[in-house]
């Protein structure tokens, strides 16, 4: 991108606002940096309070502490988000928050490890919260002719050696939800897409991931920045005719 093109792109996004869940680390943190560098206002949401040692100047006033697993807290959080949008417009909602519980010794939890409370919590955070946020912020998304990005996973389309069954099933459901939302939101001028990361170099990688890398055609892990750049593209005018799709970012691991 040339200097003039970059400047025009940044100017066009100066007044745009992104709401991002799961912003405290990994893909979420990289996404904050990518959008902020392009002049977007970024409202972050996570279970943790805003860290005092974070150098991001706009962070404290544009951070909402919210536990997506708590239905009442989620509704209160949506009301708070709407109150933060002074112009009543939201250009992008990125549903990035997700949990993948492990067993007592860190082992994968399969369908034989059925625990209704665990499955309910996983689906609440990974699936229902995404739908609730998009529905609760629909008027603001319509006002901006905005976009929704759901972060799914490679585990949503194949059995993964480390991702648990509840996590994988919730991500498969989120991929289906993305298609349904794209069909319903499209006539309102709101685009909905999903991004399915594979093995990304973040803090949540499981021991033994190096074995998986040998099976990936590109023979390396992906970076959070690579995922953040794709999120940014899907929220940009360059992707204005892209909706209802799931972009796989996995170095060819799915082939």
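A short reminder: the numbers here are calculations on the coordinates, not readings from a lab. Note that this is a predicted model, so its numbers are computed, not measured. All Cβ positions, glycine included, derive from the backbone under ideal geometry; neighbour counts span all protein chains shown.
Quick notes on this one:
- Sorting the segments 70-76, 180-186 by their mean number of nearby beta carbons within 10 angstrom, highest to lowest, gives 180-186, 70-76.
- Highest average packing first - 29-35, 106-112, Cβ atoms within 10 Å: 29-35, 106-112
- Look at 162, 241 and count the other Cβ atoms within 10 Å of each Cβ; fewest to most, that gives 241, 162.
- Taking N as its residue count, the alpha carbon Rg of segment 14-247 over 2.2 N^0.38 Å: 0.98
- Here the contact order of the chain, divided by its residue count and restricted to Cα pairs under 8 Å and six or more residues apart, works out to 19 percent.
- Cα gyration tensor category, rounded, prolate or oblate, for segment 148-204 with a/c compared to 1.5: prolate
- Rounded tilt (10° steps) of 3-12 against the dominant C-alpha axis of the chain: 80
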